[in-house]
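Chemist: For reference, the structure I am asking about is given below.
The values are calculated or read from the model by the stated rules, or taken from the named source; none is laboratory data. The structure displayed is predicted, hence computed values, not measured ones. Glycine also receives a Cβ, built like all others from the backbone with ideal geometry; neighbour counts cover every protein chain displayed.
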Amino acid sequence: MNRLFSLLLALSLASPAFAQSCDRACLRGMIDRYLAALVKHDPTPLPLAAKVRFTEDLQELQLGDGLWRTIEGLRTFRQDILDVRSGVAGVHVVATENGQPVLVAIRLQIEGGKISGVESTVVRNREEGMIFNPEAVKDASAAMNVTPTPAQRNSREDMQRLALLYPEGLRVGSFVKVDAQITPEAYRFENGQLMAGPGCTFFQGCTNVREQRVPTLPGITARVAAIDEEQGIVWLRMNFGPGSLMRGEGELTVWEMFKIYDGSIQAIEAFMEVVPAATPFLWDY
């Protein structure tokens with residue numbers, strides 16, 4: 001295990017700085033309230049901290065700007081990620097803007113019953129996402145919403161370790177080399193496109209996530225954005241770094257969900273966006 005990977009794992013395992021009183025129902029309710037306010041173009045009813053921070057597409061904005069001004073509604077897809085221990089409520093949704101579908105990822109930080117931070121990404125077209133097939137993102141997948149039994153669940157620490165083997169595999173150019181535990185049935189679904197797993201036809205040899213050929217991305221950076229211990233989902237915030245685009249300039253920034261139980265990655269789903277090279281995360285996780 002290399003030094004970079006060891007450091008990432010150590011950082012991700014650090015205990016949250018404060019205890020949380022917002023349980024799963026509370027976190028889910030925060031997402032409900034946020035999305036309802038977003039559609040109404042009015043953040044004022046939300047329980048906001050005095051100095052709430054808001055970013056969209058890695059830019060600092062005032063809460064109420066960006067998609068808040070242009071959203072027309074929400075479609076049927078919604079996938080929650082609820083991290084009670086860290087006070088994080090995450091969601092992937094498909095919204096409508098100018099009559100067209102857009103892919104949206106939102107991370108809410110909850111402190112003392114209030115929203116203290118909002119990080120969001122809005123992917124509007126193929127130029128912004130490199131891959132863009134929103135019409136295929138209709139409903140939350142059955143695989144991502146399997147509720148593991150207590151016997152199937154991995155510890156929070158093991159879930160983090162298993163998920164972080166994925167960016168480590170991209171760093172060295174092989175999931176096999178890092179012994180990433182990915183089941184043969186696992187798939188990877190990115191911006192609505194099946195990119196790997198059973199039934200994949202995107203390119204030759206993509207039917208097995210673990211064994212497929214992947215680019216070598218030595219500049220990849222990864223952070224743990226949330227861990228849903230009950231549902232077995234680890235949500236990574238990643239920048240793939242130089243060489244991550246099929247064509248053109250820039251880099252891919254990614255919100256990637258890993259379904260983990262029985263000691264293996266069972267499914268992978270992501271929203272991703274092209275950003276200028278060396279764009280920082282802006283957030284500490």
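Chemist: Yes or no: E251 under 13 Å from the mean Cα position of the chain (by Cα) and in contact (Cβ under 8 Å) with a residue 24 or more places away in the chain? Explain how you work it out, then say what you get.
Modeler: On the way: under 13 Å from the mean Cα position of the chain (by Cα): no; in contact (Cβ under 8 Å) with a residue 24 or more places away in the chain: yes.
Considered against the rule, which asks whether it is under 13 Å from the mean Cα position of the chain (by Cα) and in contact (Cβ under 8 Å) with a residue 24 or more places away in the chain, E251 comes out as no.
Chemist: Within segment 229-285, how many residues are in contact with a Lys or Arg (Cβ under 6 Å, 6 or more places away or on another chain), surrounded by fewer than 23 Cβ atoms within 10 Å (Cβ to Cβ) and of a type in the set (V, I, T)?
Modeler: So the answer is 0.
Chemist: Being at pLDDT below 95 and at negative phi is the filter here; which residues of segment 215-244 pass it?
Modeler: Within segment 215-244, P215, P242, S244 qualify.
Chemist: Let me ask you something else. Which of the strands (runs of 3 or more DSSP E) contained wholly in segment 232-285 include at least 3 residues that are touching a His at 6+ places or on another chain (Cβ under 8 Å)? Give the steps one after another, and end with the answer.
Modeler: Numbers: elements: 233-239, 251-261, 264-275.
Because the criterion is at least 3 residues that are touching a His at 6+ places or on another chain (Cβ under 8 Å), no strands (runs of 3 or more DSSP E) in segment 232-285 meet it.
Chemist: Tally time: how many residues in segment 117-135 are of a type outside the set (V, I, T) and under 12 Å from A89 (Cβ atoms)? Outline the logic, then answer.
Modeler: Start the filter on segment 117-135 by keeping residues that are of a type outside the set (V, I, T), which leaves 117, 119-120, 124-130, 132-135.
From what's left, under 12 Å from A89 (Cβ atoms): 117, 119.
Residues that pass the stated criteria total 2.
Chemist: Does segment 193-224 hold any residues that are charged (D, E, K, R) and not in a loop (DSSP other than H, G, I, E, B), and which are they?
Modeler: Keep residues of segment 193-224 that are charged (D, E, K, R), which gives 210-211, 213, 223.
Of everything in segment 193-224, just one residue is charged (D, E, K, R) and not in a loop (DSSP other than H, G, I, E, B), namely R223.
Chemist: Here is a list: I220, I227, I260. Which entry is farther than 24 Å from P134 by Cα and touching an Asp or Glu at 6+ places or on another chain (Cβ under 6 Å)? Lay out the reasoning, then the answer.
Modeler: Details: I220 fails: touching an Asp or Glu at 6+ places or on another chain (Cβ under 6 Å); I260 fails: touching an Asp or Glu at 6+ places or on another chain (Cβ under 6 Å).
When all the criteria are applied, what remains is I227.
Chemist: Shifting gears a bit: Whether any residue in segment 173-190 is modelled with pLDDT of 95 or more, under 27 Å from V123 (Cα atoms), in contact with a Leu (Cβ under 7 Å, 6 or more places away or on another chain) and assigned to a loop (DSSP other than H, G, I, E, B) is what I want to check.
Modeler: Here is the first cut: in segment 173-190, the ones modelled with pLDDT of 95 or more are 173-190.
This time we only want the ones that are under 27 Å from V123 (Cα atoms), so: 173, 186-190.
Now narrow it down to the ones that are in contact with a Leu (Cβ under 7 Å, 6 or more places away or on another chain): 187.
If we keep only those that are assigned to a loop (DSSP other than H, G, I, E, B) as well, we get 187.
Yes, segment 173-190 has at least one match.
Chemist: Here is a further query. Spot the failing condition for P150; the list is (1) more than 20 Å from the chain's Cα centre (by Cα); (2) without any contact (Cβ under 8 Å) to a residue 60 or more places away in the chain; (3) under 28 Å from L103 (Cβ atoms), and only one is missed.
Modeler: Of everything listed in (1) more than 20 Å from the chain's Cα centre (by Cα); (2) without any contact (Cβ under 8 Å) to a residue 60 or more places away in the chain; (3) under 28 Å from L103 (Cβ atoms), P150 misses just condition (3).
Chemist: Still on this structure, please answer the following. Would you mind finding the one in R153, R161, R124 that is modelled with pLDDT of 95 or more, touching an Asp or Glu at 6+ places or on another chain (Cβ under 9 Å) and more than 20 Å from F271 (Cβ to Cβ)? Steps first, please.
Modeler: On the way: R161 fails: touching an Asp or Glu at 6+ places or on another chain (Cβ under 9 Å); R124 fails: more than 20 Å from F271 (Cβ to Cβ).
Residue meeting the stated conditions: R153.
Chemist: Within segment 68-98, which residues are among the acidic types (D, E) and either within 20 Å of M272 (Cα to Cα) or crowded, with 20+ Cβ neighbours inside 10 Å (or both)?
Modeler: Restricting attention to segment 68-98, the residues satisfying the condition of being among the acidic types (D, E) are 72, 80, 83, 97.
The answer is D80, D83, E97.
Chemist: Of everything in segment 125-152 that's hydrophobic (A, V, I, L, M, F, W, C) and not in a loop (DSSP other than H, G, I, E, B), which residue is surrounded by the fewest Cβ atoms within 10 Å (Cβ to Cβ)? First the steps, then the outcome.
Modeler: Within segment 125-152, the subset hydrophobic (A, V, I, L, M, F, W, C) is 130-132, 136-137, 140, 142-144, 146, 151.
Of the ones still in play, those that are also not in a loop (DSSP other than H, G, I, E, B) are 136, 143-144.
Details: A136: 11, A143: 16, M144: 20.
Applying the filter and picking the extreme gives A136.
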